[in-house]
1. With respect to the numbered conditions (1) modelled with pLDDT of 90 or more; (2) open to solvent by 10 Å² or more (accessible area, probe 1.4 Å); (3) among the small types (Gly, Ala, Ser), which one is the sole condition not fulfilled by SER284?
2. Would you check if GLU223 is in contact (Cβ under 8 Å) with a residue 24 or more places away in the chain, acidic (Asp, Glu) and touching a helix residue (DSSP H, G or I) at 6+ places or on another chain (Cβ under 9 Å)?
3. For the subset of segment 92-112 comprising residues that are closer than 15 Å to LEU151 by Cα and either touching a residue at least 40 places away in the same chain (Cβ under 8 Å) or surrounded by fewer than 20 Cβ atoms within 10 Å (Cβ to Cβ) (or both), which member is nearest to the chain's Cα centre (by Cα)?
4. Does LEU337 satisfy being hydrophobic (A, V, I, L, M, F, W, C), open to solvent by 20 Å² or more (accessible area, probe 1.4 Å), farther than 22 Å from VAL205 by Cα and under 27 Å from the mean Cα position of the chain (by Cα)?
5. If you check ALA178 against the conditions, is it touching a helix residue (DSSP H, G or I) at 6+ places or on another chain (Cβ under 7 Å) and at pLDDT 95 or above?
6. So, in segment 31-54, how many residues would count as being part of a loop (DSSP other than H, G, I, E, B) and either basic (Lys, Arg) or surrounded by 19 or more Cβ atoms within 10 Å (Cβ to Cβ) (or both)?
7. Which condition does VAL170 not pass, out of (1) out of contact with any Phe, Trp or Tyr (no Cβ under 6 Å at 6 or more places or on another chain); (2) open to solvent by 20 Å² or more (accessible area, probe 1.4 Å), if it passes all the others?
8. Give the residue that is farthest from TYR163 (Cα to Cα), with candidates limited to residues of segment 116-151 that are part of a helix (DSSP H, G or I) and under 22 Å from the mean Cα position of the chain (by Cα).
Amino acid sequence: MSETALQAGVVSTRNITFGIVAGEASGDILGAGLIRSLRIRYPHARFVGIGGDEMIAEGFHSLVPMERLSVMGLVEVLGRIRELFDIRARLFDYFFATPPDVVIGIDSPDFTLTVERRCREAGIPTVHYVSPSVWAWRQKRIFKIAKSVDLMLTLFPFEARFYQEHQVPVAFVGHPLADRIPMTPETGKARRDLGLDEKAPLLAVLPGSRAGEIERLGTLFLEAARWIQTRRPDVQLVIPCVNSERERQVRELVETLDVKLPVTIVRGRSRDVMAASDVVLLASGTATLEAMLLKKPMVVGYRLSNFSYKLLSRLVKVPYVALPNLLARQELVPELLQDNATPESLGGAVLERLENDSERQRLVDAFSELHETLRQDADEKAATAISGLLESR
């Protein structure tokens, strides 16, 4: 290999084939970034498997449309189980007939880990990108993962520690959102873009993206907002909705509750709404990570059926549910769950974060430190780790 190629970051000019399987839109985005970084190292590489439009735009060849894997819910899975088995069989036929140099599964663990295990048994090196929540519950899955992968790529450092404790080869690569979201949020610009008052305090309310979550938490969060506005009538309330169906559901909820407080409902643009806010009231999930990266004080509230909550309480092995708390290994943001999630408790926690400037600054400092921890250039670090695996064999 020439010195010029080495200086350009090329690892090998061999005709490497990367088998990649992504099953969801988030995995498609990760896959596209990974392909871009791998192609710098392996300019003659070929990328094949299952992926979406983002990956295809980078020169990826998808054997079947990715949306055929994007199935959510037990009933949907059972209705499509034969097709999913057929897709997996087709992947095996292709990979075993023309073995790639490595197989990379991106998220979608119920599908991809099985593919990885069979490929590894056939002698093909395997990588899994985005850890399942094995560190939180059903921890015995670690034994299946250990048999399935030669390398695990994690988005969070606490995940990497868990794999290290179980002697599974792992690399912490950081989170792509931390690379994309700027260290300093543009609150004023976000408000102008959304047509919101730039001076009045703003509460963003995110009860979830699924119908069931909005049904369980929408009323609770709106009642909390009403409690807040009786004490602070100057507060703006903004609710982003993921699509038209959720927007209709939220509007019906506002009408049913006869909510007199002014509510601005925005379709999509949840990140812009959080960027525009002073405080965020939200359900647990990835949104807590986005709010943290945007340096926004937040209050996390969640409710399940009593049966589901009791069951999960026995299964979950971690002390927190919100990602900022898991990352910090301490309670940076309040988690008001089940019976502790009341309009008064949620409203009181929001007001405290709205009015306590020193607490707000403490959170901004803590969130900035965590942001720096996750800001690792994930595409590059993932490609470097995969290249290391390939070149060591």
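1. (1)
2. On the way: in contact (Cβ under 8 Å) with a residue 24 or more places away in the chain: yes; acidic (Asp, Glu): yes; touching a helix residue (DSSP H, G or I) at 6+ places or on another chain (Cβ under 9 Å): yes.
Judged against the criteria, GLU223 is a match.
3. The initial filter retains those residues of segment 92-112 that are closer than 15 Å to LEU151 by Cα, namely 101-107, 109, 112.
Filter once more, so that each one left must be either touching a residue at least 40 places away in the same chain (Cβ under 8 Å) or surrounded by fewer than 20 Cβ atoms within 10 Å (Cβ to Cβ) (or both): 101-107, 112.
On the way: ASP101: 28, VAL102: 25, VAL103: 22, ILE104: 18, GLY105: 16, ILE106: 12, ASP107: 10, THR112: 17 Å.
Out of the qualifying residues, it is ASP107.
4. Values: hydrophobic (A, V, I, L, M, F, W, C): yes; open to solvent by 20 Å² or more (accessible area, probe 1.4 Å): yes; farther than 22 Å from VAL205 by Cα: no; under 27 Å from the mean Cα position of the chain (by Cα): yes.
No; evaluated as a whole, the condition is false for this residue.
5. Numbers: touching a helix residue (DSSP H, G or I) at 6+ places or on another chain (Cβ under 7 Å): yes; at pLDDT 95 or above: yes.
Answer is yes for this residue.
6. Residues of segment 31-54 that are part of a loop (DSSP other than H, G, I, E, B), as a first pass: 42-45, 51-52.
Of the ones still in play, those that are also either basic (Lys, Arg) or surrounded by 19 or more Cβ atoms within 10 Å (Cβ to Cβ) (or both) are 42, 45, 51-52.
Final tally of qualifying residues: 4.
7. (1)
8. Our first condition is that a residue be part of a helix (DSSP H, G or I); within segment 116-151, this holds for 116-121, 133-135, 141-148.
Add one more test, that the residue is under 22 Å from the mean Cα position of the chain (by Cα), and what stays is 116, 133-135, 141-142, 145.
On the way: GLU116: 17, SER133: 12, VAL134: 10, TRP135: 9, ARG141: 12, ILE142: 8, ILE145: 10 Å.
Among those residues, the one meeting the criterion is GLU116.
The values are calculated or read from the model by the stated rules, or taken from the named source; none is laboratory data. Computed from a prediction, not measured in an experiment: that's the story for all the values here. FYI the Cβ positions are ideal-geometry reconstructions off the backbone, even for glycines, and counts take in every protein chain you see. Heavy atoms of the whole protein, side chains included, go into the accessibility calculation; ligands, DNA and RNA do not. Shrake-Rupley method; radii C 1.70, N 1.55, O 1.52, S 1.80 Å.
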